[in-house]
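Right, one structure below, let's go through it.
The values are calculated or read from the model by the stated rules, or taken from the named source; none is laboratory data. Nothing here was measured: the structure is a model prediction, and the numbers come from that model. Here the Cβ positions follow ideal geometry from the backbone for every residue, glycine too, while neighbour counts run over all protein chains shown. Each accessible area value is taken on the protein alone, full model and side chains, heavy atoms only, with ligands, DNA and RNA left out. Shrake-Rupley method; radii C 1.70, N 1.55, O 1.52, S 1.80 Å.
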Amino acid sequence: PGTKDYSISYTTDAQIVGFTHTGTLVVNKASVTGVTNQITKAPTKSATGSLKVTVGRNSSLAQVSGTVRVTLTKGATTRVIDAPVTNGVATVVLPKLPSGAWTIQSVYLGDSNFEASSIRVTALKVK
(Lines give C-alpha, C1' and ligand atoms only; values in the text may rest on other atoms or scores of the structure.)
Protein backbone atom coordinates (compact mmCIF):
# COMPACT_ATOMS: atom_id res chain seq x y z
CA PRO A 1 0.00 0.00 0.00
CA GLY A 2 1.05 3.53 -0.72
CA THR A 3 1.91 5.53 -3.82
CA LYS A 4 4.40 4.82 -6.60
CA ASP A 5 5.44 7.17 -9.39
CA TYR A 6 5.68 5.72 -12.89
CA SER A 7 6.74 6.69 -16.40
CA ILE A 8 5.80 4.92 -19.64
CA SER A 9 7.42 5.79 -22.97
CA TYR A 10 7.02 4.56 -26.55
CA THR A 11 9.35 5.53 -29.36
CA THR A 12 7.72 6.70 -32.61
CA ASP A 13 7.54 4.08 -35.36
CA ALA A 14 5.83 3.91 -38.76
CA GLN A 15 2.38 3.39 -37.24
CA ILE A 16 2.36 4.97 -33.80
CA VAL A 17 3.42 8.41 -32.65
CA GLY A 18 5.75 8.21 -29.68
CA PHE A 19 4.71 9.36 -26.27
CA THR A 20 5.71 9.56 -22.64
CA HIS A 21 3.20 9.38 -19.84
CA THR A 22 4.00 9.84 -16.16
CA GLY A 23 1.78 9.60 -13.13
CA THR A 24 1.27 8.21 -9.68
CA LEU A 25 -0.25 4.84 -8.91
CA VAL A 26 -2.12 4.53 -5.60
CA VAL A 27 -2.24 1.09 -3.99
CA ASN A 28 -4.84 0.77 -1.21
CA LYS A 29 -4.91 -1.67 1.66
CA ALA A 30 -6.77 -4.91 0.97
CA SER A 31 -9.90 -6.00 2.82
CA VAL A 32 -9.94 -9.16 4.89
CA THR A 33 -12.57 -11.73 3.96
CA GLY A 34 -13.89 -12.10 7.50
CA VAL A 35 -13.22 -12.75 11.15
CA THR A 36 -14.27 -15.96 12.91
CA ASN A 37 -14.25 -16.91 16.59
CA GLN A 38 -13.76 -20.45 17.84
CA ILE A 39 -13.91 -21.11 21.57
CA THR A 40 -11.27 -23.81 21.98
CA LYS A 41 -11.60 -23.96 25.79
CA ALA A 42 -14.46 -22.23 27.62
CA PRO A 43 -13.38 -20.29 30.70
CA THR A 44 -15.00 -20.90 34.06
CA LYS A 45 -15.04 -18.91 37.28
CA SER A 46 -11.98 -20.90 38.41
CA ALA A 47 -10.03 -21.52 35.16
CA THR A 48 -8.95 -19.54 32.12
CA GLY A 49 -10.09 -20.48 28.63
CA SER A 50 -8.92 -20.04 25.05
CA LEU A 51 -10.33 -18.40 21.92
CA LYS A 52 -9.01 -18.83 18.38
CA VAL A 53 -9.69 -15.80 16.17
CA THR A 54 -9.09 -16.36 12.46
CA VAL A 55 -8.77 -13.43 10.06
CA GLY A 56 -9.43 -14.52 6.47
CA ARG A 57 -7.85 -13.14 3.31
CA ASN A 58 -7.70 -13.78 -0.41
CA SER A 59 -5.10 -16.56 -0.81
CA SER A 60 -3.15 -14.54 -3.40
CA LEU A 61 -2.34 -11.85 -0.82
CA ALA A 62 0.21 -11.63 1.98
CA GLN A 63 -0.49 -13.34 5.29
CA VAL A 64 -2.48 -11.30 7.79
CA SER A 65 -0.66 -9.92 10.82
CA GLY A 66 -1.49 -7.11 13.24
CA THR A 67 -3.82 -7.22 16.24
CA VAL A 68 -7.30 -8.39 17.16
CA ARG A 69 -9.26 -6.75 19.96
CA VAL A 70 -11.57 -9.06 21.89
CA THR A 71 -14.22 -7.49 24.11
CA LEU A 72 -16.04 -9.69 26.64
CA THR A 73 -19.31 -8.23 27.93
CA LYS A 74 -21.85 -9.29 30.54
CA GLY A 75 -24.25 -6.52 31.53
CA ALA A 76 -22.17 -3.54 32.67
CA THR A 77 -19.00 -5.66 33.01
CA THR A 78 -16.51 -5.41 30.14
CA ARG A 79 -13.06 -6.94 29.66
CA VAL A 80 -10.86 -6.00 26.68
CA ILE A 81 -7.97 -8.16 25.43
CA ASP A 82 -5.63 -7.36 22.54
CA ALA A 83 -3.82 -10.28 20.92
CA PRO A 84 -1.27 -10.50 18.08
CA VAL A 85 -2.26 -12.07 14.76
CA THR A 86 0.31 -14.37 13.14
CA ASN A 87 -0.41 -15.91 9.73
CA GLY A 88 -4.07 -14.94 10.12
CA VAL A 89 -4.61 -16.48 13.57
CA ALA A 90 -4.70 -15.03 17.09
CA THR A 91 -4.86 -17.24 20.16
CA VAL A 92 -6.50 -15.34 22.99
CA VAL A 93 -6.36 -16.39 26.64
CA LEU A 94 -9.81 -15.81 28.08
CA PRO A 95 -9.68 -14.81 31.77
CA LYS A 96 -11.56 -16.49 34.57
CA LEU A 97 -15.08 -15.08 34.39
CA PRO A 98 -18.13 -15.05 36.66
CA SER A 99 -20.76 -17.53 35.52
CA GLY A 100 -23.52 -16.45 33.16
CA ALA A 101 -24.08 -15.38 29.57
CA TRP A 102 -21.26 -13.34 28.02
CA THR A 103 -20.81 -11.82 24.58
CA ILE A 104 -17.49 -12.02 22.72
CA GLN A 105 -16.84 -9.30 20.13
CA SER A 106 -13.72 -9.66 17.99
CA VAL A 107 -12.46 -6.99 15.63
CA TYR A 108 -9.33 -7.04 13.48
CA LEU A 109 -7.50 -3.72 13.87
CA GLY A 110 -5.61 -3.91 10.55
CA ASP A 111 -1.93 -3.88 9.61
CA SER A 112 0.28 -2.34 6.93
CA ASN A 113 -1.41 -4.42 4.17
CA PHE A 114 -5.01 -4.90 5.38
CA GLU A 115 -7.82 -2.60 6.52
CA ALA A 116 -9.53 -3.09 9.86
CA SER A 117 -12.54 -5.42 9.82
CA SER A 118 -16.04 -5.34 11.16
CA ILE A 119 -16.98 -6.94 14.48
CA ARG A 120 -17.67 -10.66 14.85
CA VAL A 121 -19.99 -11.51 17.78
CA THR A 122 -20.11 -14.89 19.56
CA ALA A 123 -22.11 -15.98 22.61
CA LEU A 124 -20.30 -17.55 25.56
CA LYS A 125 -21.92 -19.40 28.48
CA VAL A 126 -19.66 -19.50 31.54
CA LYS A 127 -20.43 -22.19 34.10
So S59 fits all but one of (1) among the hydroxyl-bearing types (S, T, Y); (2) within 16 Å of the chain's Cα centre (by Cα); (3) not in a loop (DSSP other than H, G, I, E, B); what number is the exception?
-> (3)
Kindly list the number of the only condition in (1) modelled with pLDDT under 95; (2) under 20 Å from I104 (Cβ atoms); (3) of a type in the set (A, V, I, L, M) that fails for L25.
-> (2)
Listed by first then second residue, the pairs whose first member lies in the stretch 83-105 and is on the phi > 0 side of the Ramachandran plot and touching a residue at least 12 places away in the same chain (Cβ under 8 Å), whose partner is of a type in the set (S, T, N, Q) and surrounded by 12 or more Cβ atoms within 10 Å (Cβ to Cβ), with beta carbons under 7 Å and at least 6 positions apart or on separate chains, are N87/Q63; G88/T54; G88/Q63
Touching a residue at least 24 places away in the same chain (Cβ under 8 Å), surrounded by fewer than 16 Cβ atoms within 10 Å (Cβ to Cβ) and in a strand (DSSP E or B), is that true of K45?
-> no
List, please: which pairs have Cβ atoms under 8 Å, are six or more places apart or on different chains, and start with a residue in the stretch 1-22 that is within 28 Å of F114 (Cα to Cα) and end with one that is open to solvent by 80 Å² or more (accessible area, probe 1.4 Å) and in a loop (DSSP other than H, G, I, E, B)?
-> P1/N28; P1/K29; P1/S112
Identify all residues within the stretch 25-39 that are open to solvent by 80 Å² or more (accessible area, probe 1.4 Å) and either assigned to a strand (DSSP E or B) or among the basic types (K, R) (or both); write none if there are none.
-> L25, V26, K29, Q38
Might you check whether a residue that is under 14 Å from A123 (Cα atoms), in contact (Cβ under 8 Å) with a residue 24 or more places away in the chain and open to solvent by 60 Å² or more (accessible area, probe 1.4 Å) occurs anywhere in the stretch 58-68?
-> no
